[in-house]
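Computed from the coordinates by the stated procedures, all read-outs in this text should not be read as laboratory data. As the structure is a computational prediction, the values presented were derived from the model and not from experiment. Note that we place each Cβ from the backbone using ideal geometry, even for glycine, and neighbour counts take in every protein chain shown.
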There are 4 protein chains.
Amino acid sequence: MPNNKSWVFAAQCDSILGTVDVCTHFMAQNCLYIDEIQSFDDKTDVGFFIRIAFRPEGDDFDAATFGALFQPQADRFNMTWSLTAPDHRERVAIMVSKYDHCLNDLLYRYRTGNMLDIEIPLIISNHPDLQGLAEWHDIPYYHLPISKDTKPAQEAKIRELLEQYDIDLVVLARYMQVMSPAMCEYLDGWAINIHHSLLPGFKGAKPYHQAWAKGAKMVGATAHYINNDLDEGPIITQGIQDVDHTFYPEDLVRVGQDVERVVLAKAVRLHVSKRVFLSGGRTVVLKG
Amino acid sequence: MPNNKSWVFAAQCDSILGTVDVCTHFMAQNCLYIDEIQSFDDKTDVGFFIRIAFRPEGDDFDAATFGALFQPQADRFNMTWSLTAPDHRERVAIMVSKYDHCLNDLLYRYRTGNMLDIEIPLIISNHPDLQGLAEWHDIPYYHLPISKDTKPAQEAKIRELLEQYDIDLVVLARYMQVMSPAMCEYLDGWAINIHHSLLPGFKGAKPYHQAWAKGAKMVGATAHYINNDLDEGPIITQGIQDVDHTFYPEDLVRVGQDVERVVLAKAVRLHVSKRVFLSGGRTVVLKG
Amino acid sequence: MPNNKSWVFAAQCDSILGTVDVCTHFMAQNCLYIDEIQSFDDKTDVGFFIRIAFRPEGDDFDAATFGALFQPQADRFNMTWSLTAPDHRERVAIMVSKYDHCLNDLLYRYRTGNMLDIEIPLIISNHPDLQGLAEWHDIPYYHLPISKDTKPAQEAKIRELLEQYDIDLVVLARYMQVMSPAMCEYLDGWAINIHHSLLPGFKGAKPYHQAWAKGAKMVGATAHYINNDLDEGPIITQGIQDVDHTFYPEDLVRVGQDVERVVLAKAVRLHVSKRVFLSGGRTVVLKG
Amino acid sequence: MPNNKSWVFAAQCDSILGTVDVCTHFMAQNCLYIDEIQSFDDKTDVGFFIRIAFRPEGDDFDAATFGALFQPQADRFNMTWSLTAPDHRERVAIMVSKYDHCLNDLLYRYRTGNMLDIEIPLIISNHPDLQGLAEWHDIPYYHLPISKDTKPAQEAKIRELLEQYDIDLVVLARYMQVMSPAMCEYLDGWAINIHHSLLPGFKGAKPYHQAWAKGAKMVGATAHYINNDLDEGPIITQGIQDVDHTFYPEDLVRVGQDVERVVLAKAVRLHVSKRVFLSGGRTVVLKG
């Protein structure tokens, strides 16, 4: 599932005969060469999902014309779709508190282009601690402290910033605040959180301490979309690490951080390469 | 952590200065060569655990003399200990219902000696289905059907069989019955169960269906000792398998079975090689 | 990548505009509903590979009509293709010597249908040892001993049996004989071998002993197609197991056997579900 | 195998009766409480290896007195040993060329103390590229360019710096130079290299390209000590990553970098926690 320098078409609709054909026949007729195609039909929820990476055979391809021609076809199937250019880089806002392991990993990949072609126009935090790291990467850092009383104002400010910077995706890279229902709803479907347990196990606070108390022999991390249900949004990807009796809770925290950053980076990569689709409370991830 | 043809000494007691020395000095003085030693101190629960694999340098070693000489030393530390001969094979009773994947794996290892040096004097089941498999391996198969009314009698019969066959360890290889509190207490510390989820996630019935409903991207299995707290006994080992949206619940069941049998066989191997110690509700597993 | 009860269409040809469309448009026009589609273009070797799982919407679908209608389309692209019915079970011949770990695993899956829907019409061995295992599964066992002088005759007999039993796939489940070039050529593309190392590391004899001598911290296994180049046929899948200094060569052999059987079963499953394509000396495995 | 705030005693000698006792009895007599002990006897090479983590019960412990008292005991067994204080931080020199993924990871762990308690007094490179990264971490960066003619002078300068900075361990974090035999000999046993393949597979140049050409389904990395035999020094640890046909050589390079940095950081952690012992051309790693 490496990086791909093709155009990416992604779509979903109900399962009806012809859903694949309406996309692929259009592409053949418009001289768009298909590099890679994956589709999936969820037989339980009766949904169809497709991702096509393609390259125009000629030089005169443009997205607007594609849209104008394809939309009528899509309408026949009630299909929602998106088209992403090969050089497109998603605009990602990162939110953090004090932990820097996930931020450091994302910034490293951002800086070097390693497995993650994104823009990071800003970093938002309720603490000042990670400002230096942001500055070294020349990324604006917004310190928006929060208290019970200022929460509505702080969240309003965050929304303002996300809109001002034209953000496509919000990444909660260990942002240790419970957001208001309104804020969760606002972020529904375009914000990824990393939770430091293999959800739904060890929900809530201090999952590593819970894992230690239970004598768990593995700790994990889960990247999921934000929705109204705290720590219950659709899961994108998960990872684990073997542990044993020699790990005290503070050791689990440390070793778990390596899992968290790998899992979060992978989820962001899957999302920005248009491989993740929402299907009810679950996700379809077309990996190729 | 391969098989080992040494004598194995295993012990535990409170953490006090000299706990290692009382064992190792005794061995040096009695010309017992230490092949491998591991100890661990649980700083939270203040417990000491040690496992020593050794070979006598002379030919005249016998366990009775070892015991007679060592017991007074052990008494000074309130130490409980065991000594296991190189040719000792634990007597393991296997309990099953209808699923045969774990039983088949254990019998294969039993038959070939692959990674599991045990005796299997009998198999007990509440169903007749797996009798043929048992017979091909020349192992007595006791079909003890169970209903709400006959449960006390059936459990009494099981206890009788375990005692008659002089069983060291009971393995619940997908025995799909909830046992009575009295039976659980009877088996406390010498019965291993395999649960088809990464406990404490997805406790109780139909864990694979729960995992599917949550859109989990990994399914797991947990081998644990039986105690009074259903699905909550001390965890010995765990394993996982990556899955994705293409797995329906019945697929998770199938792929999970491969994890279950590997995890259960590993737990039995760890137990019979005297590497597992109980420490409160958790285990210490000295792997070497 | 679970089992699938759809028809499976698999094809490959050179990369030219329209290769996807010629398949998918045909299916739409013939009321064949696509459950799952994957394609891949190898940009290096300029090859196109596609796998489509579909279900006819009506009841009157038959393979012969499909073929008659589709072949002219395929001809336009020089496309080779196959169609596999949902209830088709590949006829697999297993060849063994004395080791039974791979055979036991394949027979278990065959017997229970666990992750492997195949027929096993016969087992061939150069030793009599595993006859009992075959008999318990009611599978004919051909003991064809081999010596330097009898090798041509023995291989001729094997070919005769494979033809007599109308075999689709030959699985060398630790068949410890180097076959003649003519035999290798005969089996090219329809025989899977399991090699007990992570090829191309530790080629040839006694790979676990080589791994021990090098102090390797992992041992692996490789399932690959047979071709003329000993231990060098196209790789289908690989697996590994962590090891450490406590594993002597004989321990590596034992722990490696668990990897071998998992890797071999997975390769057979991928092959019979028509997910593996040959692309020069490498494979394309469309996993979904 | 988490971090440990105990003193660490590590020793090795030939296998003779009493090797454990000479260490543990001494500790009991000197009121040193053993937190954790592991030993191993290599039955092939007849060597004994032990690691003991301990805490003095009193406040008056000092290493010099320990040494003065213990040395005569060690002499009886021809035992080489070391003692490491709980607050000791190994002085590690990092050598790099242009790739920064391993350096970035080591610096992150150094800066945050995550799973790696070390000092990094200097960074040496044959290229200027990574100077900015070093400076942000306030670490002196020595740019020592190299050509065929200047190699002896450059290596002499490196040795001078390692001595000037009193370095305990050299880490070649993708230092892309073949060092002279004299330099290799000088670094024998105290320099760790990361090789971007699962050695001994794909030795030498461009291992990811080799892996691609062979159609490997896994790529790996190996951390090993430097010795005279290029890419053949004793292996400390290895890691792998699954890949498939969609990965072109440049994708393997990228995904492999994540394995390399994890494997290298782990090897450094094992080394500085005194868990790695040399045993002929192999290593014994006492993990606990």
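Overview of values
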| read-out | value |
| --- | --- |
| Members of A:K287/C:K287; C:K287/D:K214; C:K5/C:K274; B:K217/C:K287 lying beyond 18 Å, as alpha-carbon distances in this model show | C:K287/D:K214 |
| Integer Hz, Karplus 6.51/-1.76/1.60 couplings in order for segment B:57-63, x for Gly and Pro | 6, x, 9, 9, 6, 9, 5 |
| Fewest-first ranking of C:D41, D:D138, using other Cβ atoms within 10 Å as the exposure measure | D:D138, C:D41 |
| Computed over the protein assembly as shown, the ratio Rg/Rh where both radii use C-alpha atoms and Rh is Kirkwood | 0.96 |
| Position A:R55, label points 7 Å along Cα→Cβ, spacing to each other copy in nm (shortest first, one decimal) | 3.7, 6.3, 6.3 |
| Karplus (6.51, -1.76, 1.60) ³J(HN,Hα), θ = phi - 60°, over segment B:258-275, in Hz, Gly and Pro reported as x | 5, 5, 4, 5, 5, 5, 5, 4, 5, 5, 5, 4, 4, 5, 6, 8, 6, 9 |
| Built amide H within the under 5 Å cut-off of C:I118, gap 5+ | none |
| In sequence order, calculated HN-Hα J values of segment C:10-19 (Karplus, 6.51, -1.76, 1.60; Hz; x Gly/Pro) | 10, 8, 8, 6, 5, 7, 9, 3, x, 5 |
| Computed over segment C:7-84, Kirkwood Rh from alpha-carbon pairs, angstrom | 12.7 |
| Cβ-based exposure ranking for D:Y141, C:Y225, in which fewest neighbours within 10 Å come first | D:Y141, C:Y225 |
| Minimum Cβ-to-axis distance in chain A for the rotation onto chain B, with residue, whole Å | A:G201, 2 |
| Shielding of D:231-242 by partner chains, average beta-carbon count, 10 Å | 3 |
| Using a 7 Å Cα-to-Cβ projection, C:R76 label spacings across copies, nm, ascending | 1.8, 9.1, 9.2 |
| Residues with amide H under 5 Å from that of A:T237, placed H, sequence gap 5 or more | A:A223 |
| Alpha-carbon centroids, segment D:131-181 and segment B:20-43: separation in whole Å | 45 |
| Cα gyration tensor category, rounded, prolate or oblate, for segment D:90-285 with a/c compared to 1.5 | rounded |
| Low-density loop cleavage sites - trypsin sites (Lys or Arg not before Pro) in segment C:94-139, where at most 16 other Cβ are within 10 Å (DSSP) | C:K98 |
| Column: log10 I(q)/I(0), Debye, Cα scatterers of segment A:1-156, q = 0.14, 0.16, 0.19, 0.21 Å⁻¹ | -0.85, -0.92, -1.05, -1.19 |
| Only Lys, Arg (+1) and Asp, Glu (-1) charged, at Cβ; the protein assembly as shown dipole about Cα centre in debye | 0 |
| CD proxy at 222 nm, helix term only [per DSSP H run n ≥ 4: -39500 (n - 2.57); per residue of the protein assembly as shown; nearest 500] | -10500 deg cm²/dmol |
| Sum of side-chain charges, C:F77 neighbourhood, beta-carbon under 11 Å (Lys, Arg +1; Asp, Glu -1) | -2 |
| Tensor-based shape of segment B:120-203 (alpha-carbon gyration tensor, a/c under 1.5 rounded, otherwise prolate or oblate) | rounded |
| Nm distances between copies for C:E250, ranked from closest, using label points 7 Å along Cα→Cβ | 4.5, 4.6, 5.2 |
| Nearest 10 degrees, 0 to 90: helix B:101-112 Cα axis against chain B principal axis | 40 |
